[in-house]
Amino acid sequence: MKDEITKAVMILQGGGLVAVPTETVYGLGANARDEAAVARIYQVKGRPSYNPLIVHVAGEEAALEIAELGPVERALAAAFWPGPLTMVVPLKTDAGISPLVTAGLSTIALRAPRHEIMQALLEKSGLAIAAPSANRSGGVSPTTATHVHDDLDGQVDMILDGGPTQAGLESTIVKVTEGDHGERFLLLLRPGTVTIRELEEVAGIEVVRLEDYRGGNAVGDEAETPVSPGLLLKHYAPQAALRLDARDVKPDEGVLGFGKLDGNLPGIEGETPIYNLSEAGDLEEAARRLYGGLRWMDKQGVAKVAVCPIPKTGIGVALNDRLQRAAAK
Ligand code: TXA
Ligand code: MG
């Protein structure tokens, strides 16, 4: 692995693209200060240029070279970095970050990943690494190096295999925001495996979910300025059509299960394709297995999938968010 990391550092410094493991999902990495390299990320992913990228740094010190972090962000960094938390913060204009990375916004999304390979890359290269999930835009995020091969083979300069990712869902994204009466809260732009309760404990201010912000008009056609451009998109979508909160199975459906299925799900037959996210009903296990499960359904050629109900608390908030997006037409 040491030789591979050295090679990856050289490729990144030379303006190339490297698919990298993180603890959430695999990322498609490039030097965030290299305009041409960043342009290639958008091209390879087929990503619209208005949807900005997350920049990965080793830790708080490196983050401060790029952006302003207030007291709340510093407390969150101390508690959750390195780890699966991304913060949207004011960009320092002299940081040298390619404007393509931020899609011209005055803010930037920063994250210090925990995965040891990613940490080694950041430390050895000294770079800030822009990295969206390493899948085609709109598709299912990759949680293994094989998934990256399936999606992007031949279009990247190197794929670093760090094994299956540990969390399985993309990072939690937050932004300290001021309300109409000057009150500050933490806007949850994307739920993840760092939960609302954990965030509130550390931040000491309320977490507001995007669907509850501005009367639910923060995203979509009604919004004057969308708070997070990428949230406008259907996302994480497999080929298969998903039916959520299913309490039974139709003859032409596969099953994405959660918990014990025997007896609980009428309609299951011997031939029903079944991928159980967690027989034990464990949300962390389900998060780790979700994207693999969606990809499995497509590989089996299952066109319709009944998805069992998943509790909407803790990490279940993020799981249900991804499933809803994956099911959106
Ligand atoms: O776990 C993760 O976050 C993975 C790994 C690779 O780190 N990365 C990831 O990146 O999920 P991506 O590009 O697939 O999702 C980034 C999201 C998009 O929805 C984008 O719109 C939002 O972050 N974003 C980026 N910069 C932003 C900004 N300045 N303001 C608001 N939203 C921003
Ligand atoms: Mg993505």
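The values are calculated or read from the model by the stated rules, or taken from the named source; none is laboratory data. Not measured: the values here are computed from a predicted model. Virtual Cβ from ideal backbone geometry, glycine too; neighbours counted across all protein chains shown. Surface areas here come from the heavy atoms of the whole protein model, side chains and all, with no ligands, DNA or RNA. Shrake-Rupley method; radii C 1.70, N 1.55, O 1.52, S 1.80 Å.
A simple packing score, the average count of other Cβ atoms within 10 Å per residue, orders the peptides 26-37, 256-267 as 26-37, 256-267, with the highest score first. Sparse packing (at most 10 other Cβ atoms within 10 Å of the Cβ) combined with a DSSP loop state is found for the following GluC sites (Glu not before Pro) in region 126-189: Glu183. Counting only alpha carbon atoms, the long axis of helix 71-80 and the longest principal axis of the chain meet at about 60°.
Between His181 and Ser106, the modelled labels are 2.6 nm apart [label points 7 Å from Cα along Cα→Cβ].
On a per residue basis, the convex hull of the C-alpha atoms belonging to region 1-156 measures out at 101 Å³.
As a fraction of the 1.4 Å probe accessible area of the chain, surface on carbon and sulfur atoms comes out at 48 percent. 3J(HN,Hα) along region 252-267: 9, 9, x, 10, 9, x, 8, x, 5, 9, 3, x, 8, 10, x, x Hz, from the Karplus curve 6.51 cos²θ - 1.76 cosθ + 1.60 with θ = phi - 60°, whole Hz, x for Gly and Pro. For the chain, the per residue solvent-accessible surface stands at 44 Å², with DNA, RNA and ligands left out and a 1.4 Å probe. Spin-label model, Asp94 to Gln239: label points 7 Å out along the Cα-to-beta-carbon direction sit 5.3 nm apart.
Among the trypsin sites (Lys or Arg not before Pro) within region 155-206, not one is in coil by DSSP while having at most 16 neighbouring Cβ atoms inside 10 Å.
For region 55-127, the spread of Cα positions along the three principal axes, ordered from largest to smallest, is 31, 28, 17 Å.
Structural size metrics of the chain, computed from C-alpha coordinates, are Rg and Dmax of 19.7, 62 Å.
Here each label is just a point 7 Å from Cα along the line to Cβ, and for Asp262 and Met1 those points are 3.9 nm apart. Once the Cα-Cα distance is subtracted from the 0.36 nm per residue extended length, the Arg247 to Asp150 segment shows a gain of 31.7 nm.
Computed on the chain, with alpha-carbon pairs under 8 angstrom and 6+ residues apart, the relative contact order is 18 percent.
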